[in-house]
Structures are given as C-alpha cells and as structure tokens.
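K.L.:
My questions all concern the structure below.
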Amino acid sequence: MTEESVRLTVWVHGRVQGVGFRWWTRSRALELGLDGAATNLADGRVQVVAEGPEPICHKLLVALNSGDTPGRVDLVVERWSEAKGVRKGFEER
C-alpha cells in the first residue's frame, strides 16, 4: 500500500541564513526520502517545500521545530496542501 504524497510548505523565521540551515534541512529531508527544496528568501527567512507521505513530512516538521538546527529558529509557519510534483531529490537554493 502506497501512502499518498502531500506538500508541506514551511517558512522558518530566525537566524537561519548563512549558518548551514539549508544544508542541514536538505540532509534531514534526504534521510527521510523527501523531495523538494530549501530556499533563502530576501527577508531573511528560509522557505522549505517538501513532498512525500504525510507522516514523513511531519517528521521533517518536527526536526525543524526541534531546536537542534543550525542558527536560531524563532518561528515555524507551516502550510499543508496537495502534492504538485517537484524534481526528485532535495535542493538548496
């Protein structure tokens, strides 16, 4: 039985640019088998888009909220939606 894929979009606020945060996020996502990207935004946030089974995406969300990330995460805003299809693998942008 295959679980249906979902899309998790997360905006991470705090000191998350220039500290290895996107690399760390990519590593966690690849370990979990998720596809997507972590992107620096002009306002200092990092946007994470991940697609895969909902329980696995939730594990990434828990990791982003764990306090074990590089830098300092002050706020994580999440949005769940239907998967739209992304390139296989996980990119840093």
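Just so it is clear, none of the values below were taken in a lab; they were calculated from the coordinates. Keep in mind the model is a prediction, meaning the values are calculated, not measured. Glycine gets a Cβ as well: all are built from the backbone with ideal geometry, and neighbour counts include every protein chain shown.
K.L.:
Modelled label-to-label distance, residue 17 and residue 68, 7 Å Cα→beta-carbon offset: nm?
P.N.:
2.7 nm
K.L.:
Quick one: work out the % antiparallel among DSSP beta bridges in the chain, nearest 5. Before the final figure, lay out the partial values.
P.N.:
Values: 24 of 27 bridges.
Beta bridges within the chain, antiparallel portion: roughly 90 percent.
K.L.:
Quick check on the chain: helices-only [θ] at 222 nm, where DSSP H runs of length 4 and up contribute -39,500 (n - 2.57) each and the sum goes over total residues. Nearest 500, please.
P.N.:
On the way: 2 runs with 23 residues, N = 93.
Counting only the DSSP helices, I get -7500 deg cm²/dmol.
K.L.:
Okay, moving on. Exposure proxy check: 7, 87 ranked by fewest other beta carbons within 10 Å? Walk me through the numbers on the way to the answer.
P.N.:
Details: 7 20, 87 10.
Neighbour counts put them in this order, fewest first: 87, 7.
K.L.:
Once every Cα of the chain carries one equal point scatterer and solvent is ignored, give the base-10 log of I(q)/I(0) from the Debye formula at q = 0.11, 0.18, 0.21, 0.25 Å⁻¹, two decimals.
P.N.:
Rounded to two decimals, the profile gives -0.26, -0.70, -0.96, -1.36.
K.L.:
Within a 10 angstrom radius of the beta carbon, how do 45, 79 rank from fewest other beta carbons to most?
P.N.:
Values: 45 19, 79 10.
Placing the least packed residue first, the sequence is 79, 45.
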